[in-house]
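The values are calculated or read from the model by the stated rules, or taken from the named source; none is laboratory data. Every value quoted in this text rests on a predicted model; they were computed, and no experiment measured them. Methodologically, a virtual Cβ is constructed for each residue, glycine included, from the backbone with ideal geometry; neighbour enumeration extends over all protein chains shown. Side chains included, ligands, DNA and RNA excluded: accessible areas come from the protein's heavy atoms. Shrake-Rupley method; radii C 1.70, N 1.55, O 1.52, S 1.80 Å.
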Amino acid sequence: MEFGMEGRRAIIGGASAGLGKACAMALAGEGVDVTIVARTRDKLEEAASEIAAATGVKVTAVAVDINTDEGRRAVLAACPEPDIVVNNSGGPPPGDFRDWDRDAWIAALNGNMLGAIFMIRDTIDGMIARRFGRIVNITSSAVKAPIPILGLSNGARSGLTGFVAGLARETIIHNVTINNLLPGDFETDRQKSYTESLAKMQNTNYEEMRKIRMAGNPAGRFGRPEEFGACCAFLCSVHGGFITGQNLLIDGGKYPGTF
Ligand code: NAP
């Protein structure tokens, strides 16, 4: 299948590791020039070299916090007319909601709701004018099935999901789609630290906890980041033009519902 994306330009947040990097690699593999973002410069530049070497496309690395106004300005200066935006950064910490004060909630809202909304605000009119745009927000399976210790994530990401549900219906007429990808358990650095905290809470070790978690998935394993990247590339391709406002759960079947 031809994805028809060669020469397109993409911005991918949180892309020095994990799911963001996998999305960048998959898009670059389809001939898309990618601007990748993360805060830690060395690791980001390493990822940029790896993606460029594997795909031969132009890779631009911008080492900033994507959830700040200055960060977004720097990213848009490097890639002023993106055709594709993948909104992604870190997830908020786990915990008990009794311990979260206003600052903790504002940080979660900034990182997992407002950052994406501001990036959409700053790029969507250009996409509409050029009559092509694909926006993908990496959210979480927690939007569909809340995870009690990830209350900050459940709340903030649901806010983004609600906002996008409305906007996505207004932009499709211009061939600009907006969708959310909901990762279940994918084997990334974030997943490792989450498994470590669960292991501590349940007085066991990391390896044991990892096995228990994988056994709890119908697929008997965690997802591979490249499987996630491929779904992202499909949504961003020419074939994704009739898919908008959707929440695609990629979780190995862990969510037990029919719908
Ligand atoms: P990861 O392995 O920890 O990678 C996160 C990436 O984002 C890194 O490149 C990190 O680099 C970058 N980043 C973090 N905060 C940033 C910021 N403010 N500005 C720019 N870059 C930033 O995480 P992941 O597993 O790929 O997860 C990606 C997203 O999916 C997270 O929001 C996570 O909560 C969500 N999610 C993941 C899973 C899973 O199974 N992996 C499941 C559900 C939801 P720097 O730290 O250097 O900036």
Near K200, which aspartates and glutamates are there with a Cα under 18 Å away, not counting those fewer than 8 places off in the same chain?
-> D96, D189, E208
Fraction of accessible area attributable to carbon and sulfur, the chain (%, probe 1.4 Å) = 54 percent
Reachable aspartates and glutamates, given that their alpha-carbon falls under 17 Å from the alpha-carbon of K58 and they are not under 8 places away in the same chain | E6, E30, D33, E45, E46, E50, E81, D83
If one computes the Cα centroid of segment 174-188 and of segment 117-133, what distance in Å separates the two points?
-> 17 Å
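Within 12 Å, Cβ to Cβ, of I84, how many net charges do the neighbouring residues add up to if Lys/Arg are +1 and Asp/Glu are -1?
Net of charged neighbours comes to 0.
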Using a 1.4 angstrom probe, figure out how much accessible area segment 1-151 has per residue, in square angstrom, rounded to the nearest whole.
-> 46 Å²
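For a quick protection proxy, order the peptides 233-246, 112-125 by their average other-Cβ count within 10 Å, most packed first. The partial results should precede the final answer.
Numbers: 233-246: 18.4, 112-125: 20.9.
Per-residue mean Cβ counts within 10 Å order the peptides as 112-125, 233-246.
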Residue of M201, M214, M127 that the Gaussian network model of the chain assigns the largest fluctuation, springs spanning Cα pairs under 10 Å | M201
Just name one of W105, T68, I84: the one whose Cα is farthest towards the positive end of the charge dipole of segment 68-145 (beta-carbon charges, Lys/Arg +1, Asp/Glu -1).
-> I84
Within-11-Å neighbourhood charge of R8 [Cβ basis; K, R +1; D, E -1] | -2
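Could you give the C-alpha radius of gyration of segment 144-259 expressed as a fraction of 2.2 N^0.38 Å, taking N as the number of residues it contains? Before the final figure, lay out each step's value.
Numbers: Rg = 16.4 Å, N = 116, 2.2 N^0.38 = 13.4 Å.
That ratio works out to 1.22.
What number comes out for the charge environment of D33, summing +1 per Lys or Arg and -1 per Asp or Glu over other residues with Cβ under 13 Å away?
Details: positive: R8, R9, K58; negative: E6, E30, E81, D83.
Net of charged neighbours comes to -1.
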Rounded if a/c is under 1.5, else prolate if a/b is larger than b/c, else oblate: which is segment 21-85, with a ≥ b ≥ c the root eigenvalues of its Cα gyration tensor?
-> oblate
The alpha-carbon center of segment 203-230 and that of segment 10-62 are separated, in whole Å, by 25 Å
q = 0.08, 0.13, 0.15 Å⁻¹, the chain: log10 I(q)/I(0) [Debye, one scatterer per Cα] = -0.30, -0.81, -1.08
